[in-house]
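Encoded as structure tokens, the structure appears first; notes follow it.
The values are calculated or read from the model by the stated rules, or taken from the named source; none is laboratory data. Given the structure is predicted, the values throughout are model-derived calculations rather than measurements. Using ideal geometry, Cβ is built from the backbone for each residue, glycine included, and neighbour counts are taken over all protein chains shown. Only protein heavy atoms, including side chains, enter the accessible area calculation; ligands, DNA and RNA are left aside. Shrake-Rupley method; radii C 1.70, N 1.55, O 1.52, S 1.80 Å.
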Amino acid sequence: LTQPVTPDLLVSPSSQDGDLGSECPEDRGNWTGRLDFLLSCIGYCVGLGNVWRFPYRAYTNGGGAFLVPYFIMLAICGIPIFFMELSLGQFSSLGPLAVWKISPLFKGVGMGTILIVSLVAIYYNMIIAYVLFYLFASLTSDLPWQHCGNWWNTDLCLDHHVIKAGNNTLPVNISNTVSPSEEYWSRYVLHIQGSSGIGDPGRIRWNLCLCLLLSWTIVYLCILKGVKSSGKVVYFTATFPYLILVMLLIRGVTLEGAWKGIQFYLTPQFDHLLSSKVWIEAALQIFYSLGVGFGGLLTFASYNTFHQNIYRDTFIVTLGNAITSILAGFAIFSVLGYMSQELGVPVNQVAKAGPGLAFVVYPQAMTMLPLSPFWSFLFFFMLLTLGLDSQFAFMETIVTAVTDEFPYYLRPKKASFSAVICIALFLMGLILTTEGGMYWLVLLDDYSAGFGLMVVVITTCLVVTRVYGMKRFCRDIHMMLGFKPGPYFRACWMVLSPATMMALLVYNIVKYQPSEYGNYRFPTWAEVLGILMGVLSCLMIPMGMVVAVLQEEGTLWERVQQASRPAMDWGPSLEENRTGVYVASLAGSQSPKPLMVHMRKYGGITSYENTAIEVDHEMEEDDEEESM
């Protein structure tokens, strides 16, 4: 009699089998701490836009009344798409390219995402380089943009102390003067007078070039070991900005005239709510602030364990992001109120958005405070930490997407591959360090993530709900979380979210305005180049379709049908999580019943296995109904 042998069917995929291990790609890895994922998402979503775009958008679109469309758009567009991205990433444990095993016909959507993220990463790190420049400039007893009389100043420069002293002559003098901080930014930092426009970039500004090199070095060191290293860095970069924001807020509201700014920021003008522009602006703010469509959320979720509660995390991150934006508005406008009182001008004359707020208006306000270098350093350090964790997400998205496509070759060399990507993007960003670099940055900012990003998100939403199927997607979430999404999520995914984003897309095209920087209008060729940037990411979708169809067999319609179905190995990455239709569909799968693996491993059935059994029963009932 021979000894009984354990059949191969019951061998756990996690068994240390030498032969099997040698054929499998290196493990992707997971988050090492419980809060890594949550803090990474918060750090990714809470970025520079919360500080320099939201407050300005709020006051120009009805003040406090803007919060009504803002929260409605958060509910319709923000939360549902956010949850969808996290669910796709966590269920499949794949990056933004490989996740299209869900429907290989639409893999071009993933390619479009990577193109958009790469373009954004190039200019976003340049903004971090500017922040580093100002951070180092703040390490002095007297801020360099405090007074006129430097070599970069012109005759138009007027110091605010002089304005205050000659208050009676204000109406005559202030209209055609320039603040020292504005000349420091444009004539010293950018040296924009050395360029006649976007076609004449001029020389490289070596101090900016070194700052850009430093920012890429910081980013590389933080993503060196993937989520294992960046997941630890975010404990500082995601939490420290809140400490500084609270300090700036307390300092701001204790200044004379602060209430004037806050009143200007929050006074509700409900007549604005009748304008479609306000609702579109609210949707745009939600869309870009949460970072949906960039692949960062999907990438972060792909490193989660299969049963992580992303439903709870969705609400924590999205509502936390909204509250941060509102808080930042108080911190910014309290200082602007003080500044307007000091200068004797209305608040709307000092309020700006974007780089104008971060590098001109707020630094000028800092010079009016006691201990101005200290407050300036704090402000720019906050911007640095806000920007860095968003940049980590962009880089992790690119690296993860490509390594998931070629796991056997690239995963063991992930650190080297990350270095190659960082060097390539640094070299592409060198044009931004020239004297005319700001023109290129504006062009990238206006076009790289415009309508192309919206097309990507709309397509993703439609493919998941219509092609893959709402029922199947809800079942996947049930298998993962133990419950199905409610009617609110299903209604948003099926109708409300795609319809809102379609309206955004149409509005953006109809209300298209050529790019400009100050009084400079971009030439036609630059506009065409910008539009091509957006169109190229959209063209990736039909190009991907052509490739997918050519790889199938049969008539054209048969090929399209086959390419739109999920790939054979689509589903949870670990065999022990694969139930129902996902059983034994992994390459080299040894176990047709992952439940047996679970029982051998844990000695019983957990609540998640009960869920798996329920899902299997549902699938069997549906199959019977279809066959009848």
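By the helix-only formula, in which each DSSP H run with n ≥ 4 contributes -39500 (n - 2.57) and the sum is divided by residues, the chain has a 222 nm mean residue ellipticity of -19000 deg cm²/dmol. With all projection directions averaged, the alpha carbon convex hull of region 50-110 covers 5.8 nm². Spacing of the modelled spin labels on Leu156 and Arg466, each 7 Å from Cα toward Cβ, amounts to 5.1 nm.
A dipole drawn for the chain from +1 and -1 charges on Cβ atoms has a positive end, and of Ser497, Thr113, Tyr56 the residue lying farthest that way is Tyr56. Heavy atoms of the protein chains alone define the surface here; on that basis region 212-364 has 37 Å² accessible area per residue at 1.4 Å probe size. Both the radius of gyration and Dmax for region 451-566 are 19.0, 58 Å, in that order, over alpha-carbon atoms. Using +1 at the C-beta of Lys and Arg and -1 at the C-beta of Asp and Glu, which of Gln562, Phe483, Asn348 has the Cα lying farthest in the positive direction of the dipole of the chain? Comparing the listed Cα positions along the dipole, Asn348 ranks first.
With just the Cα atoms defining each centre, how far is region 171-222 from region 301-378? Give it in Å. If you average the Cα positions of each part, the centres end up 22 Å apart. Taking only protein heavy atoms and a 1.4 Å probe, the accessible area of the chain is 64% carbon and sulfur.
With a 1.4 Å probe rolled over the protein heavy atoms of all chains, the accessible area of Cys148, Cys461 falls in the order Cys148, Cys461, largest first.
Normalising the average separation of contacting C-alpha pairs (under 8 angstrom, six or more residues apart) by the number of residues puts the relative contact order of the chain at 30 percent. Checking the Cα-Cα distances for Lys107/Lys471; Lys101/Lys232; Lys232/Lys414; Lys101/Lys471; Lys107/Lys511; Lys260/Lys352 against a 20 Å cut-off, the pairs over it are Lys107/Lys471; Lys101/Lys232; Lys107/Lys511. Each residue, Gln349 and Val495, gets one label point 7 Å from its Cα in the Cβ direction; the gap between the two is 5.1 nm. Placing +1 on the Cβ of every Lys and Arg and -1 on the Cβ of every Asp and Glu, with no other charges, gives the chain a dipole of roughly 1280 debye about its Cα centre. FRET efficiency for the Trp557 to Met502 pair, using the beta carbon distance and R₀ = 22 Å, is estimated at 0.25. Put simply, the C-alpha atoms of the chain give a gyration tensor, and the ellipsoid matching it has half-axes of 49, 25, 24 Å, longest first. Projecting the Cα atoms of Tyr582, Val292, Gly261 onto the charge dipole of the chain, computed from C-beta unit charges around the Cα centre, puts Gly261 farthest toward the positive end. Note on Gln513 and Trp206: the model spin-label points, each 7 Å out from Cα along the C-beta direction, lie 4.0 nm apart. Based on the Cβ-Cβ distance from Ile250 to Asp271, what FRET efficiency comes out when R0 is 35 Å, to the nearest 0.05? Computed FRET efficiency for Ile250 and Asp271 comes out at 0.55. Count Lys and Arg as plus one, Asp and Glu as minus one, and take only other residues whose Cβ is under 12 Å from that of Thr299; the net charge is then -2. A simple charge model with +1 on the Cβ of Lys and Arg, -1 on the Cβ of Asp and Glu and nothing else charged puts the dipole of region 392-530 at about 860 debye relative to its Cα centre.
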